[in-house]
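Everything on this sheet refers to the single structure shown next.
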Amino acid sequence: MRQKQPEDCFDHSDVRSDNLAFHPQTGQLKLVDWNWASYAPRGAGATEFLVDMARHGQDVTPWLDELNAEMLAAFVGFYLIRSLKPLLKPGDNLRQMQALSAATAYDLLERT
């Protein structure tokens, strides 16, 4: 899949399970919440999605070749720095999710 993409391409830039909307009657799957859309390196979308799936406990081993190692390294730094910021509101789990995303991206980076 990655080999078919141009070097840089228009990317959703926030591909994760909670940005997918499934319509059970039609079987359609839509990608929603496009506020982070931008041009991104090859494999960025697949890398985002696979980090999220691994964070949720899914085995992404069959798709390790789809991962973009530079994006994984960037995710480790980005999510780690964001996870250290103060909570947005009491009881919010965003910072915990960011820390877990950093750890997951690091684990996947070690496996690539």
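The values are calculated or read from the model by the stated rules, or taken from the named source; none is laboratory data. Owing to the predicted nature of the structure, the values given are computational and were not obtained by experimental measurement. No Cβ is skipped: glycine too gets one built from the backbone with ideal geometry, and neighbour counts run over all protein chains shown.
Overview of values
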quantity	calculated
The listed residue being under 22 Å from residue 109 (Cα atoms), under 11 Å from the mean Cα position of the chain (by Cα) and either in contact (Cβ under 8 Å) with a residue 60 or more places away in the chain or exposed (fewer than 12 other Cβ atoms within 10 Å of the Cβ) (or both), out of 13, 17	17
Qualifying positions in region 84-109 - closer than 23 Å to residue 41 by Cβ and either touching a Leu at 6+ places or on another chain (Cβ under 9 Å) or hydroxyl-bearing (Ser, Thr, Tyr) (or both)	98, 101, 102, 103, 104, 105, 106, 108, 109
Exclusive hit being assigned to a helix (DSSP H, G or I), over 12 Å from the mean Cα position of the chain (by Cα) and farther than 17 Å from residue 111 by Cβ, set 77, 45	77
Leading residue by the ranking (modelled with the lowest pLDDT) among those in region 74-112 that are farther than 17 Å from residue 15 by Cα and among the aliphatic types (A, V, I, L, M)	88
